[in-house]
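In what follows, a structure is listed as structure tokens, so that the remarks can point back to it.
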Amino acid sequence: MKIVDIRATTVTVPLEAALRHANGCHWGRFVRTIVEVETDTGLIGLGEMGGGGESAEAVFRSLKSYLVGHDPARMEEMRFLIANPTASLYNNRTQVLAALEFACLDIVGQAWGVPVHQILGGKLRDRVPFASYCFFRYGNRLTGAMEVRTADHVIAFARAAKERYGFSTHKMKAGVFPPEYELELYRALAHAFPKDKVRFDPNGVWSTEQAIRFGQGIEDLNNDYLEDPVYGLNGMRRTRGKVRTPLATNTVVVNFEQLAANVLDPAVDVILLDTTFWGGIRPCVKAAGVCETFQFGVAVHSSGELGIQLATMLHLGAVIPNLSFAADAHYHHLTDDIIEGGLMRYEGGAISVPNAPGLGVKLNRDKLREYQELYKKLGGYPYDQDPARPGWAPVLPNDRWADPNDDSYPAALG
Ligand SMILES: [Mg+2]
């Protein structure tokens, strides 16, 4: 079997509402690149990558000269072919490699007639549990989605999500408002769901001292972990020495070098594995093995996903024995998907692991075209800008917080 073509299509799919985060905002939609790898046997494997546009599509096109004629089953060879670590100063292709690895696994699974989880060692669970992933957000007049800014808003969002999807873990994505405001809000969220687990992620924007203050202020809650309270292994290590709540990261341990540093001198307790950031599903399985050996926790991270990426997260979540936390997904914030059957369904806070050959998802070509057209119409958006504060840049540690009393709707969102 040989690769004969690689195609990339940029799409944008609407979210219920614009999601605010410490560095800016998802402006009411996700932009993703959908990758199709075709073989001489007629099989098509699917991949997905965050972001998109001309440059992303050109990167995938340019890799045809490397990969046409390559056997998609030889994924480890593909890693050295396009993302050799010693060449990474010149061509940083980890996320591109990830999308191509997804597609190759999809092809091999279809060729062998087995789901990807079977290639990866076999599933240990049929369903992967997810967290509610609460964001601060601007309201949306078109979808009727309410604004989320106050503790009452967050609790109402989490309650509605729990009723609709069955979540029993609530993640608060924060780092938007002053830390003392967010501390009170998080405590209110935890107290509103005393039987549920909670977790908090300010995306690393605090000082180490602020991280310690916050960490000590939540120790009595039912925390899974405190995620990236400060940026950098040293800040995390100092925080960890003074806080009893486990610390988690998806930012400062995202490769094997950093994982080794964390094993030798621990700074983080729980490693959040992202199938894109780590360069594929297989590196995440390897990293989970290292974490199992050294008894660090692992969970499945979400960097924003449509159904193809979600499938990679489900196959990963199915095969790693040490998945002791609910996974994160932005998925329930989406209004639609580009896969056949539409949005995958949550049941009891979990999503079933696909069992059809390969990744187990197929493209809905009408939807692909629809959201490709929407991307052509709308273009990209500045992920690291807040539509309410043009020109704003958070410093590190940050002190340029949004105003929790400001309930205005940013005109830039249209
Ligand atoms: Mg995070």
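FYI, it's all coordinate maths here, none of it is from the lab. Because the structure is a prediction, the values reported are computed rather than measured. Neighbour counts run over all protein chains shown; Cβ positions are idealised from the backbone, glycine included.
The phi-based Karplus calculation (6.51 cos²θ - 1.76 cosθ + 1.60; θ = phi - 60°) puts the 3J(HN,Hα) values of region 397-409 at x, 7, 9, 9, 7, 6, 8, x, 8, 7, 9, 6, 9 Hz, whole numbers, x for Gly and Pro. The phi-based Karplus calculation (6.51 cos²θ - 1.76 cosθ + 1.60; θ = phi - 60°) puts the 3J(HN,Hα) values of region 24-29 at x, 6, 8, 6, x, 6 Hz, whole numbers, x for Gly and Pro. Annotation: amide H of GLY204 within the under-5 Å range of VAL230, sequence separation 5 or more or interchain, hydrogens built in the peptide plane.
Distance between the C-alpha centers of region 131-148 and region 54-82? Whole Å please. That distance is 38 Å.
Sorted fewest first by neighbouring Cβ atoms within 10 angstrom, CYS104, CYS284, CYS291 come out as CYS291, CYS104, CYS284.
Within the shell of other residues whose beta carbon sits under 11 angstrom from the beta carbon of ASP274, the net charge comes to -2, with Lys and Arg scored +1 and Asp and Glu -1.
The alpha carbon gyration tensor of region 60-173 gives principal lengths a ≥ b ≥ c with a/c of 1.5 or higher and a/b greater than b/c, which makes the shape prolate.
Of the DSSP H helices in the chain, those with a Cα length along their own long axis of 15 Å or more and a mean Kyte-Doolittle hydropathy reaching -1.0 comprise 94-112, 151-165, 179-192, 281-294, 307-319. With 20 Å as the limit, the listed pairs LYS2/LYS64; LYS162/LYS195; LYS2/LYS123; LYS123/LYS286; LYS162/LYS362; LYS2/LYS376 have LYS2/LYS123; LYS162/LYS362; LYS2/LYS376 beyond it between alpha carbons. With Cα atoms as the point set, the radius of gyration and Dmax of region 119-359 evaluate to 17.4, 51 Å.
Please go through region 352-414 and write out the trypsin sites (Lys or Arg not before Pro) that DSSP classes as loop and that have at most 14 other C-beta atoms within 10 Å. For trypsin sites (Lys or Arg not before Pro) across region 352-414 that sit outside H, G, I, E and B with at most 14 neighbouring Cβ atoms in 10 Å, the list reads ARG400. Considering only alpha-carbon pairs that sit under 8 angstrom and 6 or more positions apart, the relative contact order computed for the chain is 22 percent. Region 230-306 and region 153-173 have their alpha-carbon centroids 25 Å apart. Applying the criteria of a DSSP loop state and at most 14 other Cβ atoms within 10 Å to the trypsin sites (Lys or Arg not before Pro) of region 54-93 yields ARG74. Applying a DSSP loop filter and a limit of 12 other Cβ atoms within 10 Å to the GluC sites (Glu not before Pro) in region 217-266 leaves GLU219.
The H on the amide N of LEU247, modeled in the peptide plane, is under 5 Å from the matching H of LEU226, ASP269, VAL270, each at least 5 residues off or on a different chain.
Adding -39500 (n - 2.57) for every DSSP H run of four residues or longer, then dividing by how many residues the chain holds, sets the calculated 222 nm ellipticity at -10500 deg cm²/dmol.
Gain on full extension, evaluated as 0.36 nm per residue between LYS2 and ASN234 minus their Cα-Cα distance, stands at 78.9 nm. Summarising the label geometry, the points placed 7 Å from Cα in the beta-carbon direction at LEU378 and SER324 lie 4.0 nm from one another. Principal axis analysis of the Cα atoms in the chain yields extents of 59, 49, 42 Å, listed in decreasing size.
Note on ASP126 and ASN84: the model spin-label points, each 7 Å out from Cα along the C-beta direction, lie 4.7 nm apart.
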